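The values are calculated or read from the model by the stated rules, or taken from the named source; none is laboratory data. Everything numeric in this text was worked out from a predicted model, so none of it was measured. Neighbour counts are summed over all protein chains in view; Cβ atoms, including those assigned to glycine, are modelled from backbone coordinates with ideal geometry.
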Ligand code: SF4
C-alpha cells in the first residue's frame with residue numbers, strides 16, 4: 001500500500017537542510033510518496049525510520065522470485081480487484097507430473113508443457129512450471145532431472161527429505177519450490193542452506209497463519225501458501241479470506257503467493273481446467289494441472305493475459321511490418337495503429353481475404369485509428385515516416401498503401417508525403433476488407 005507524505009514526513013528530521021535536493025523535508029516526503037525520489041536521498045533518516053518505512057511500503061503480498069534464465073515473480077499484488085489499480089504478476093501455470101503415471105505419459109506431459117506455446121500481440125504465451133510429485137517409487141529423481149533439463153521452473157513435492165536433498169542437488173540453479181507436508185528441522189536446514197521458497201499447507205487461514213509465523217520465526221520468509229481443502233467451495237472461500245486478510249487487514253502471515261493444485265480436488269481433467277480458470281481470476285499465484293493439452297492450456301493462457309494486463313493502459317502490438325500469408329513484391333501494404341484489438345481484427349480480415357499482404361503497424365501508444373488521428377498521433381506525416389523508417393518500399397515493385405477509410409482526411413496530404421506510392425482509401429470497417437480486396441484494382 002502506498003505511503004502518504006505525512007507517514008514519511010514523521011521520520012524526517014525537519015531541518016530543511018536541502019541536501020536531498022528539495023527545499024523542505026515536506027517537499028521531499030511528497031516526492032518519495034509518489035515514487036519520484038528515493039528515501040535514501042536523505043542521509044538523516046534513522047535506521048529505525050528506514051526499517052519502518054520499507055516495511056510499511058512493502059506490498060501486502062510478498063513477491064517470490066523463482067527461476068534462473070527466465071525469472072518468474074509470484075505474488076507481489078497490492079489490490080483486491082484488478083480495476084483498483086492492476087494485478088502485477090501473472091499466475092504461473094504448469095503441469096503436475098505424478099510419479100505413478102506411465103513413462104509415456106510422463107514424457108508426453110513434459111513435452112506438452114514445453115512445446116505448447118502461442119504468439120499473441122508480440123508475446124509468447126506458455127506454461128512455466130513443472131511440479132513433480134514423489135510417491136517413493138524410485139523414479140522421482142529421474143523425472144526431476146528430465147524436468148530440470150527443460151529449463152522450466154520446478155516444484156518438488158515430496159515428504160521424503162532424503163529425496164528432496166538429492167533433487168535440490170540436481171536443480172538448485174532454478175530455485176525450485178519445495179512442497180512437503182512434513183517440514184522437519186532437517187528440511188528447514190536444506191531450505192535455508194539453499195535459500196529456497198517453501199510451500200506450507202493448512203485447512204483454514206488460521207492454521208496457515210500459525211504455520212507461516214512458525215517458519216518466519218525460523219528465519220524463512222519465502223513462503224507459498226497451499227490451502228489444503230478437498231472441496232472447491234471451501235478452497236474458494238479460504239483463498240478469498242487469505243487475500244482479503246493480506247490486503248485489507250494487512251495480516252503479514254497471510255501475505256504470500258497461493259498455490260492451487262486442482263488435481264487434488266478432482267479426477268476429471270476438464271474440471272481441473274475449470275477450477276484453474278476460477279483461480280486465475282481469483283488469486284491463484286501458481287496452478288499445476290495434471291494434464292496439459294492445447295485445448296486446456298490455450299484458453300487459460302488467454303484468460304491470464306486478459307486478467308494480468310493493466311486496465312489503465314491499452315494492450316499494444318509492436319510497431320513494424322507484419323506479413324499476412326506470403327506476400328511478395330506485388331502485394332499491397334495496409335497501415336493501421338498498434339491498438340491490439342485493431343491489429344487482431346485487421347490482420348484477421350486480411351487473412352480471411354486470402355490475399356497475401358503486408359500490414360504496417362504504427363506505434364500510437366495503443367490508441368485506435370480514430371482516437372489516434374484525433375490526438376494527432378496517426379496522420380500523413382507519422383505514416384510517411386513509418387513507411388520510410390521500415391523501408392517497406394524496398395520489398396515492392398508496385399508501392400500500394402491502403403489506409404483506413406476512417407482517416408480519409410489525410411489522403412491528399414499522404415499522397416504529397418509519399419509521391420512514389422499509390423495511396424488507396426480502404427474500407428471504414430475492417431469486416432469489409434475481404435470484399436474490398438476482391439474489387440479494388442491494386
Ligand atoms: S536531506 Fe533530509 S533533512 Fe535535509 S531537507 Fe532533505 S529530507 Fe529534510
Find the residue count for the range 127-153, including only residues that are touching a helix residue (DSSP H, G or I) at 6+ places or on another chain (Cβ under 7 Å) and in contact (Cβ under 8 Å) with a residue 60 or more places away in the chain.
-> 2
For the range 69-82, enumerate the residues that are more than 18 Å from residue 224 (Cβ to Cβ) and either modelled with pLDDT of 90 or more or in contact with a helix residue (DSSP H, G or I) (Cβ under 7 Å, 6 or more places away or on another chain) (or both).
-> 79, 80, 81, 82
Residue tally, condition within 7 Å of the ligand (Cβ to nearest atom), in a loop (DSSP other than H, G, I, E, B) and crowded, with 18+ Cβ neighbours inside 10 Å, over the range 1-44 | 4
Inspect all residues belonging to the range 227-237 and state whether any of them is touching a strand residue (DSSP E or B) at 6+ places or on another chain (Cβ under 8 Å), assigned to a strand (DSSP E or B) and either more than 24 Å from residue 266 (Cα to Cα) or at pLDDT 95 or above (or both).
-> yes
Check the range 282-295 and report whether any residue there is without any contact (Cβ under 8 Å) to a residue 40 or more places away in the chain and surrounded by 15 or more Cβ atoms within 10 Å (Cβ to Cβ).
-> no
For residues that are free of Cβ contacts under 8 Å to residues at least 40 places away in the same chain and assigned to a loop (DSSP other than H, G, I, E, B), tally how many sit in the range 196-226.
-> 6
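Out of 120, 169, which single residue is at pLDDT 95 or above and surrounded by fewer than 21 Cβ atoms within 10 Å (Cβ to Cβ)?
Numbers: 120 fails: at pLDDT 95 or above.
Every option except 169 fails the conditions.
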Is one or more of the residues making up the range 83-91 touching a residue at least 24 places away in the same chain (Cβ under 8 Å), away from the ligand (no atom under 16 Å from the Cβ), within 21 Å of the chain's Cα centre (by Cα) and outside any loop (DSSP other than H, G, I, E, B)?
-> yes
Can you tell which of 142, 136, 160 is loosely packed, with under 14 Cβ neighbours inside 10 Å and within 27 Å of residue 109 (Cβ to Cβ)?
-> 136
Taking interchain pairs and intrachain pairs at least six residues apart, which have beta carbon atoms under 6 angstrom, with the first residue in the range 9-37 and closer than 22 Å to residue 56 by Cα and the second part of a helix (DSSP H, G or I) and near the ligand (Cβ under 6 Å from one of its atoms)?
-> 12/25; 14/25; 20/28
Only one of 298, 279 is over 23 Å from residue 214 (Cα atoms) and surrounded by fewer than 21 Cβ atoms within 10 Å (Cβ to Cβ); which?
-> 298
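For the range 400-417, which positions are closer than 15 Å to residue 359 by Cβ and either outside any strand (DSSP E or B) or without any contact (Cβ under 8 Å) to a residue 60 or more places away in the chain (or both)?
Just the residues of the range 400-417 that are closer than 15 Å to residue 359 by Cβ, to begin with: 400-404.
The answer is 404, and nothing else.
If I filter the range 46-69 down to residues being buried (at least 18 other Cβ atoms within 10 Å of the Cβ) and in a loop (DSSP other than H, G, I, E, B), which single residue comes out as farthest from the ligand (Cβ to nearest atom)? Walk me through it before giving the result.
Of all residues in the range 46-69, those buried (at least 18 other Cβ atoms within 10 Å of the Cβ) come to 53, 60-62, 64, 66-67.
From what is left, the residues that are in a loop (DSSP other than H, G, I, E, B) are 60-62, 67.
Details: 60: 27, 61: 30, 62: 29, 67: 38 Å.
It comes out as 67.
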In the range 362-390, how many are in a helix (DSSP H, G or I) and under 15 Å from residue 318 (Cβ atoms)?
-> 3
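Check every one of the strands (runs of 3 or more DSSP E) wholly within the range 107-190 and list those with 2 or more residues that are closer than 30 Å to residue 343 by Cα. Full working, then the answer.
Details: elements: 117-120, 123-126, 129-133, 153-157, 177-179.
Of the strands (runs of 3 or more DSSP E) lying wholly inside the range 107-190, those with at least 2 residues that are closer than 30 Å to residue 343 by Cα span 117-120, 123-126.
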